[in-house]
Each structure stands twice: as structure tokens, then as C-alpha cells.
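To keep things clear, I will list the structure first and then write my remarks on it.
The values are calculated or read from the model by the stated rules, or taken from the named source; none is laboratory data. Computed from a predicted model, the values in this text were never measured in an experiment. Because the Cβ atoms are built from the backbone with ideal geometry, glycine has one as well, and the counts that use them run over all protein chains shown. The protein model used for the area step is the full one, side chains on, heavy atoms only, and it has no ligands, DNA or RNA in it. Shrake-Rupley method; radii C 1.70, N 1.55, O 1.52, S 1.80 Å.
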Amino acid sequence: MKDDAAAKPAIAGSRSALLYLVGSLLQGLGLLLIQPFAVRVLDGTQWGLVSTAVVTIQVVVVLLSAGLPLAITQRWFAPGNGRDRSLGMYGFMAIACLAIGLAAAAVVAFATGAGGTGIAWTTVLAMVCIGLLGPVLGCQAVLRAQDRPMAFVLLSIGSSVLANLAGLVAIAVGTPTAANYLGAYTAAVLATALLAVVLVRPRAPWTVKGVVGESGRIALPLLPHTGALMLLTQGAVLLLAAVSGPATAGQYGAVLIFATGPLTVLNALNNSWSTRIMSVGRDELGPTLRAVLVEAALSAAAVGMLASAAASVGSAVLTTDPTLLAPVAQVLPLMSVGYAAFLIAGNVVYVLHRTTMMAYLTPAALLLSSGAALVPALAGDLLAVAAAHAAGFTVLGLAYWLAVRAATPGAWPMKVFVLAFAAHAALIVVLLLVPVSLATGLVEAGVVGAGAAAAALLVVKRRRIVEPSPAN
């Protein structure tokens, strides 16, 4: 495949995947270390305002990005003026998010100020952050294509961990209010956005022929997809809150990390997988896709099984009713294998320029999952809701596989995915039969962790034997 550059672009390898993974773990660990202090410095109301604002930022910025980051990465490797189109799409995303975020901030400031209760500065600052994160996400999409994981991770940490750390410092040395926290948070996000523009300079979208229209055609169909995907991930809490009350929803939300944790790890690894898939020509897609799929299935099984095995210990630490919630936490990670299949198939959808199908595939999976969860949610059966939740992602992965398999014949090692899913399901059955206690939880986590480590060492050893040395 020939593009603007004479040399073939580098394909992200295991080193890049490891850096993306370490970066995601640092983000999670950093936030876990910061939040306990912030909760104790702020009173309940002020912390509630901060928490709501941060969640709003995370949710809305994902919706506004509307799938453009992966499109930006894919366009970088496209024939012709792919790199100009990628940088132009990055510029479109940055300008669009900034315009929407600042306009929303102005509307909120005017509406709350005119209401006589004073300007809601926490919401205003959240809208500003949403605008500033557009350039960050666009830059990261290009960095992913350039195989620059260190810079990618630096932006991730700056826009999350350092932003929250700045907020903590602001309320520790100044007045402990949500506005002060979010003011410092916004300043850190602004610095990260400026760094993003320095690391990768965007192109004005109107200077690259067709980019504005192309960006709109990609973004609009993907709005239903991004919204549905977010509801697939966290919508069970909203469903329980609506039909069973906030207390039941709170119980489920307390162990939802056992679903979002494995998905976060797989998203981090997908930064490497997507680059490998998108950086090869259509004639080389099959072999590369097959290799990535095997890696994705094994990674999904490993992180999912580890999360299930750690559920008893985690439930004892994170909840006040581990006997009730540990089984729920053990079942939730079963969504990992289906999610991994969705991630890889989603990358292929971008390569094939068939993103329109995402506007109905993901919402369809959401409807099926929600329908299956409704009856148990009405009864407050959290274990059955968790099973439906995990099944939703399994259906999602199957739907995307069916959508792209004809265009990638022979590239899908479905036996590996079936075996990975079966092994994880068998482990969950065993875990559900064991009484919940901290002691048994430690044993379960230790045994599965040791098994995963041994399997990883065998895979690495086999690769060293099979792969030829550079000298050959």
C-alpha cells in the first residue's frame, strides 16, 4: 500500500500494546488514589457536583466524538492524500467540539444567571472541558496511527489523572468547593489540549477537499451507535433505578467496575490492534486480522477470568453485602469475549468504509439486552440482570462478526472465541458453587492469576521460538 510517505508505516506491536495497557492502568490507579482524598475534603453536596460534572464530561465527549477517532486513524493509512484527510478530520473534530462546548457553556451561564440562582459554574466548566477534549481525542487518533503510544498515554494521563490531581490540590490549599475543583480541572484539560495541538498540528478541514462532508457523513450515523454502546455498558444501572429504585441500582453500580474494568483494558489494547489492522493493505488484511483476533480472544479470556476470580475479594472491599453481590460481579466479566470480537470487527468496518451499519447494529443489541433484562430488573434479580448484561455484549460481537465475515473470508478463528467463552463460563459456574468469603476469594484470585501468568509465559516462549530473528 502506497500513501503520502514512501516508506511503509510501522505496525504497532507488543511494545505499543504494553504501553497502552500500562497507561490505562495508571489512569485507573491514579483516580483511585485521588478520589478518597477529594471525598473527604469536600462535603457531600460539593462532591456530588464534582462527580456529576466529571461523569457528564466523560459521557458527552464520547457522544460528540461520534466514532471519528477511529475514522481519523483509518484515514491516515488510506491511499492518496490519506494523511491530509486524517489531519483535516482531526481539525474538524477539534473545531466542532470546541464550538459545541463553548456554545453550551454560554447557554448554561445565561440560563442559570437569568434564573436568579446564580451561574452554575460547575456545569459551565464541564461544558468547557467537553469542548477542550475534542482536540485531545483527535490528536490521540493520529498518534495511534503514528504508533506513538508514549505521547498518547501522556495526553490520557494529563486529561484525567493530572486534571483530577489539580482539582484536589485546589480544594486542599483553597476553598473546598466544587467550582474550585473544576476550575483547576479545566485548567489542566486546557494545558493538555494545547499540548495535543503541539504534538500533532491539525489541518483546517476546509483546506482538504471533501473532509467536512466526509466527517459529517461518518459522525451522524455513529451518534446512535455511541449512545447505544454507552447504554450497553452502563444502562443496567439506569434500568434498575427506574424499575426497582435507587437502592437496588446502587448495589448493582457498586460492582459495575467488574464489567467496565475488563472493557477498559481491552480498549487500551485495541489502540494497538486497530493500528495493526488499519496499517495493512486489503490484500494483507486476512493474515493480520487472524493474528490479531487470536490475540484479542486470549486477552479477553484472560482479563475476564481474572476479573471473575477477583470478584469475591473485590466485593468484600467495595460493597457492604458481598454475599449478594459477589455472584453478580463474577458473571459481569463474561462480556469480555464478545466485546473483544466487537472491537476487532469494528476496526474492519472502518477499513471497509461501512460505518453506516453501526447506526442500527449496536442499538439492536441494546434493545435485545434491555428486553432480556427488564423482567429480572422488575424483580430486583441482580444476578439475572448481570447475565443479560453480559449476553448483550456477546450478541454485539456476533452481530458485527456476521456483518464483516463475508468480506474477510477465512480470517475469523471462531473456535478460539468459542473456547475462550466456554472456558470463562465454566470458571464462573465453579465460582458460583464456592461459598463467598474473603479467604476463598483470595485463593480463587491467586489460582486464576497464577494460571494466567503461566499461560502468558508459554505464549511468549512459543513466539520467541516460532518468530525468526532479525538476522534471518
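Dimensions of the range 78-228 from C-alpha coordinates, computed as largest minus smallest value along each principal axis and given longest first, are 55, 36, 30 Å.
Centre-to-centre separation between the Cα atoms of the range 65-87 and those of the range 374-453: 33 Å.
Taking label positions 7 Å along the Cα-Cβ direction at both A406 and V169, the computed distance is 5.7 nm, reported to one decimal. Near D381, no amide H atom lies under 5 Å from its own; only residues 5 or more places off or on other chains count, and H is placed 1.01 Å from N. Accessible surface for the chain, divided over its residues, is 44 Å² per residue with a 1.4 Å probe. Normalised by 2.2 N^0.38 Å, where N is the number of residues, the alpha-carbon radius of gyration of the chain equals 0.98. Over the C-alpha trace of the range 161-231, radius of gyration and Dmax come out as 18.1, 51 angstrom.
Over the range 116-176, the hull volume per residue, using the convex hull of the C-alpha atoms, is 70 Å³. Here the range 218-278 is described by how far its Cα atoms reach on the three principal axes: 45, 28, 9 Å, from widest to narrowest. For the range 289-441, the extents of the C-alpha atoms along the principal axes are 48, 34, 21 Å, listed from largest to smallest. For the chain, with all protein chains present and a 1.4 Å probe, just round the carbon and sulfur fraction of the accessible area to a whole percent. Result for the chain: 71 percent of the exposed heavy-atom area is carbon or sulfur. Taken one residue at a time, the phi angles of the range 146-161 give Karplus couplings (6.51, -1.76, 1.60, θ = phi - 60°) of 7, 6, 10, x, 4, 5, 4, 5, 4, 5, 4, 5, x, 7, 10, 5 Hz. Gly and Pro are set to x. Its alpha carbons considered, the range 392-443 gives a radius of gyration followed by a Dmax of 16.4, 50 Å. Taking only the C-alpha atoms of the range 49-151, Rg followed by Dmax gives 16.2, 56 Å.
Over the chain, DSSP H runs of length four or greater, each weighted -39,500 (n - 2.57), average out per residue to a 222 nm ellipticity of -27500 deg cm²/dmol.
About its Cα centre, the dipole of the chain is roughly 1260 debye, where the only charges are +1 on Lys and Arg Cβ and -1 on Asp and Glu Cβ. A cut-off under 15 angstrom between Cβ atoms defines the neighbours of V404, and their net charge, with Lys, Arg +1 and Asp, Glu -1, is +4.
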